[in-house]
Amino acid sequence: MDSDSPAAPTSGASARDDAAFMHRALAEARKGWGQTAPNPMVGAVVVRSGEIVSTGHHTSFGAPHAEVEALRAAGERAAGATVYATLEPCAHTGKTPPCVDALIAAGVSRVVVAARDPNPEAAGGVERLREAGITVDVGVVEGEARELNAPFFHSFAARRPWITLKLAMSLDGALADAGGRSRWVTGEESRRIVHEMRAGSDAVAVGIGTVLSDDPSLTVRDAPAPRVPPTRLVFDRHARLPVGSELARSAREVPTLIVSDAPAAARVTALEALGVRVVRAASLAVALDTLGDAGIRSLLVEGGARLAGALIGTGCVDRLVIFQGSAVLGAGALGAFDFVPPMEVERAPRWRVLERREVGADTMTVYAPPSND
C-alpha cells in the first residue's frame, strides 16, 4: 500500500485504532516544536496487544529520531509490536543511523506510517522494512501529519518559503485605528499563541510601515525558546529602517535583515554597520525565492496591510491565521485587506477554514487558499 490512498489495516487493528494511535504519535511529534528544524517534527508510538508500550519524539536537531527513542523505551517489549510513526522511517545515515535498522533489529512485526518522506536522501524506509518481512501500512492520518510539517514538505516542492500570514484585527476587520495605532487589538492569550508561532518559524516578517508605527522586537518571549531564534525580516524597499529602531539596535544579537532594492546609500551602510543584512531584490517574487535559497523554509508574516495585500494578491500565502478581537475601531481605521487587489464577487476565491477556536475573548481562524491541499 502506498501513500496515495488511505491505509487499510493489514493486522488485527481497526482503522479507528490506527487513527487513534497515530494521533497520539502526532501529539508526541508536537513536543519537538521549535527544536528540530531543519528536520521535521516526528513522533512514534509502540503498541502491543492494543496497548501503548512506549512513546518517543525527535527532541532536537541531531538527537535520536522518534522511532529510536520509542524503541529504547520499549526494550524487549518491542518484539512483535506495531510501531506508529508520523513520518516514513529514514533509510540513510545522517546525524544518526537509519531508523529502519533499529526497527528491524527490534523485531517489530508492523509499522504504520502517516506520510512518506519527501527527502530523496532519507526516503526508501518503507521498502526496506517490507524487504525485511515487516508489514507496512502508509497513509494513516496523512493530512494532519503533512499539516504539522507543512514547511518541510513544501521545501521539496517549491523554492520560496512556506508563508503563514498572521493578522490581528478588530471586530470590524481593522489592523489599526484611525491614528495608526495597532497594539492590543487582540488579547494576551492571542499574543501568546503568536509567540508560539514565531518559535516554530525560521523567520518573522513585517513591512516597514509596521516598524515605523510600532517599533517591534519580533522576538520569542511568551513561549519556550526555540533552538535557533527566528530571523527578523523587514520588507523595506527604500531602506527606511531607522538605525535607532529596536530591530537595528539588536541586530548583532538576533539575525535581522531587510529586503530592499535601494541603492547602497549612507543609510544602508549604517544599517550594515549595526549588523543588519540587506537582501537586494527587485520584486516580491525574487525576494521570496532568495529567502528560500538562504534556508528560510517557514516565514511568519505579521503585517502590515500593504505587505498582506501584496502576498495575497500574488498567491503566495499558504496559511492565513486571523485573530479577531471584540473592539470596533470605526471610520478611518486601516482595514486588514485594504490593499488586496479588487475581485468580483462571483470570481472571488473562497478560502477554506481549517480550524476555528476561541482564544480568550478573541477568535482564531486558520484558512487555506482554495488551491492549497
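The values are calculated or read from the model by the stated rules, or taken from the named source; none is laboratory data. Bear in mind the structure is a predicted one, so any value in this text is a computation, not a measurement. Every residue, glycine as well, gets a Cβ built from its backbone with ideal geometry; the counts of neighbours run over all protein chains shown. In case anyone asks, the SASA skips ligands and DNA or RNA and just uses the protein heavy atoms, side chains included. Shrake-Rupley method; radii C 1.70, N 1.55, O 1.52, S 1.80 Å.
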*Selection within the stretch 221-237 - touching a Gly at 6+ places or on another chain (Cβ under 9 Å), of a type outside the set (Asp, Glu) and farther than 16 Å from residue 252 by Cα*: 223, 224, 225, 226, 227, 235
*Which condition number does residue 361 fail, the rest of (1) open to solvent by 20 Å² or more (accessible area, probe 1.4 Å); (2) without any contact (Cβ under 8 Å) to a residue 24 or more places away in the chain being met?*
(2)
*Take the stretch 179-194 and flag every residue that is of a type in the set (A, V, I, L, M, F, W, C), touching a strand residue (DSSP E or B) at 6+ places or on another chain (Cβ under 8 Å) and not in a helix (DSSP H, G or I).*
185
*Specify which of the listed residues (154, 58) is in contact (Cβ under 8 Å) with a residue 24 or more places away in the chain and open to solvent by 10 Å² or more (accessible area, probe 1.4 Å).*
154
*Restricting attention to the stretch 69-100, which residues are open to solvent by 30 Å² or more (accessible area, probe 1.4 Å) and at pLDDT 95 or above?*
69, 72, 73, 75, 76, 77, 79, 80
*Which condition does residue 262 not pass, out of (1) loosely packed, with under 15 Cβ neighbours inside 10 Å; (2) more than 20 Å from residue 218 (Cα to Cα); (3) among the aliphatic types (A, V, I, L, M), if it passes all the others?*
(1)
*One residue from 226, 242, 216 being open to solvent by 10 Å² or more (accessible area, probe 1.4 Å), under 14 Å from residue 195 (Cα atoms) and over 21 Å from the mean Cα position of the chain (by Cα)*: 216
_Candidates 232, 192, filtered to the one that is surrounded by 18 or more Cβ atoms within 10 Å (Cβ to Cβ) and of a type in the set (Lys, Arg)_ = 232
*Scan the stretch 65-104 residue by residue and report those that are part of a helix (DSSP H, G or I), without any contact (Cβ under 8 Å) to a residue 12 or more places away in the chain and under 18 Å from residue 126 (Cβ atoms).*
101
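Hey, can you tell me all the residues within the stretch 111-159 that are among the aliphatic types (A, V, I, L, M) and assigned to a helix (DSSP H, G or I)? Walk me through how you get there before you give the answer.
Initial filter on the stretch 111-159 (among the aliphatic types (A, V, I, L, M)): 111-115, 122-123, 126, 129, 132, 134, 136, 138, 140-141, 145, 148, 150, 157-158.
Of everything in the stretch 111-159, those that are among the aliphatic types (A, V, I, L, M) and assigned to a helix (DSSP H, G or I) turn out to be 126, 129, 145, 148, 150.
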*Are any residues in the stretch 102-127 at pLDDT 95 or above and open to solvent by 50 Å² or more (accessible area, probe 1.4 Å), and if so, which ones?*
104, 105, 109, 116, 127
_For the stretch 303-353, give me the residue count where each residue is touching a strand residue (DSSP E or B) at 6+ places or on another chain (Cβ under 6 Å) and among the aromatic types (Phe, Trp, Tyr)._
2
*For residue 63, which of the numbered conditions (1) out of contact with any Leu (no Cβ under 9 Å at 6 or more places or on another chain); (2) small (Gly, Ala, Ser); (3) open to solvent by less than 20 Å² (accessible area, probe 1.4 Å); (4) more than 19 Å from residue 41 (Cβ to Cβ) fails to hold?*
(4)
*asked:* Any residue in the stretch 13-40 that is more than 16 Å from residue 84 (Cβ to Cβ) sitting within a Cβ distance under 9 Å of a residue that is in a helix (DSSP H, G or I) and open to solvent by 50 Å² or more (accessible area, probe 1.4 Å)? List the pairs, counting only those 6 or more apart or interchain.
replied: 33/196; 34/196
